Amino acid sequence: MAWTGIKRRVFISHFRGDRKEVDDFINHFANNLGIFTPYVLGANDNDEFIDSTDTDYVMKRIREKYLSDSTVTIVLMGSCTHSRRYVDWEIKSSLRQGEYIPNGLIGIVLPSQNNSAYLPSRFERNWKSGHNECYARYWSYPTSGNQLGEWIDDAFNSRTSRKHLIDNPQEMMKYNSSCKTHNTTH
């Protein structure tokens, strides 16, 4: 499938500990190549920090401020992304159905991870090796803008063609879990 050239609105889910690589990804593919329009929680110091223990409130703010205008979610995966509760919540919000059309879902391994990363459990429930009969797609870091554009188009189309494959249980991570790479909780 060739990239359509349509610049989609993409929510970037990530662990703040990977911020340098996340910024590099956004600068290269969104700002320089114009492949997508980024929506990023905490993209700059002026962004609202959602400081609350009320998960319903946090989820509502994420949906209203960052996800409502996006159509695809890219989870940028570093060494501890899998252990972050906010990443779980962002994926859950991205996959919501009913009054919302779900976002397409892509996982991309950051370059520092040498093409392999632990997957967040909610992402893993929606992905299968070989990409057969699953909603999400999981990729190594893209080698070109066209390649990333194709992945984003596929995820956008999955919102209708593969939405029946979404597995989005109600339970959510209450706390950050231990990072399997570093055996620590951040």
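Here, each number is a calculation from the coordinates, and none is a lab measurement. From a predicted model like this one, the values you see are computed outputs, not experimental measurements. Glycine gets a Cβ as well: all are built from the backbone with ideal geometry, and neighbour counts include every protein chain shown.
Residue count for region 144-161 under the criterion of being in contact (Cβ under 8 Å) with a residue 60 or more places away in the chain and small (Gly, Ala, Ser): the result is 3. Being over 21 Å from ARG63 (Cβ atoms) and assigned to a helix (DSSP H, G or I): is that true of LEU119 here? Against the criterion (over 21 Å from ARG63 (Cβ atoms) and assigned to a helix (DSSP H, G or I)), LEU119 does not qualify.
Residue count for region 122-176 under the criterion of being surrounded by 19 or more Cβ atoms within 10 Å (Cβ to Cβ) and among the small types (Gly, Ala, Ser): the result is 4.
Restricting region 150-186 to residues that are of a type outside the set (Lys, Arg), farther than 25 Å from VAL58 by Cα and part of a loop (DSSP other than H, G, I, E, B), the residue that is nearest to the chain's Cα centre (by Cα) is THR181. Please go through region 152-186 and give me each residue that is within 17 Å of ARG125 (Cβ to Cβ) and among the aliphatic types (A, V, I, L, M), ordered by number. Passing the criteria: ALA155, LEU165, ILE166, MET172, MET173.
Scoring PHE15 on the criteria (1) crowded, with 17+ Cβ neighbours inside 10 Å; (2) farther than 21 Å from TYR138 by Cα leaves a single failure, condition (2).
Can you tell me how many residues in region 115-148 are on the phi > 0 side of the Ramachandran plot and out of contact with any Ser or Thr (no Cβ under 9 Å at 6 or more places or on another chain)?
Quick first cut of region 115-148, residues on the phi > 0 side of the Ramachandran plot only: 115, 130-131, 133.
Now drop any that are not out of contact with any Ser or Thr (no Cβ under 9 Å at 6 or more places or on another chain), which leaves 130-131, 133.
Residues meeting the conditions: 3.
For the structure I just gave you, tell me whether LEU95 is more than 24 Å from LEU165 (Cα to Cα) and not polar (S, T, N, Q). Don't jump to the end; show me each part of the working.
Details: more than 24 Å from LEU165 (Cα to Cα): no; not polar (S, T, N, Q): yes.
No, not satisfied.
Could you pull out the residue among ILE26, ILE6 that is surrounded by fewer than 15 Cβ atoms within 10 Å (Cβ to Cβ) and not charged (D, E, K, R)? Every option except ILE6 fails the conditions.
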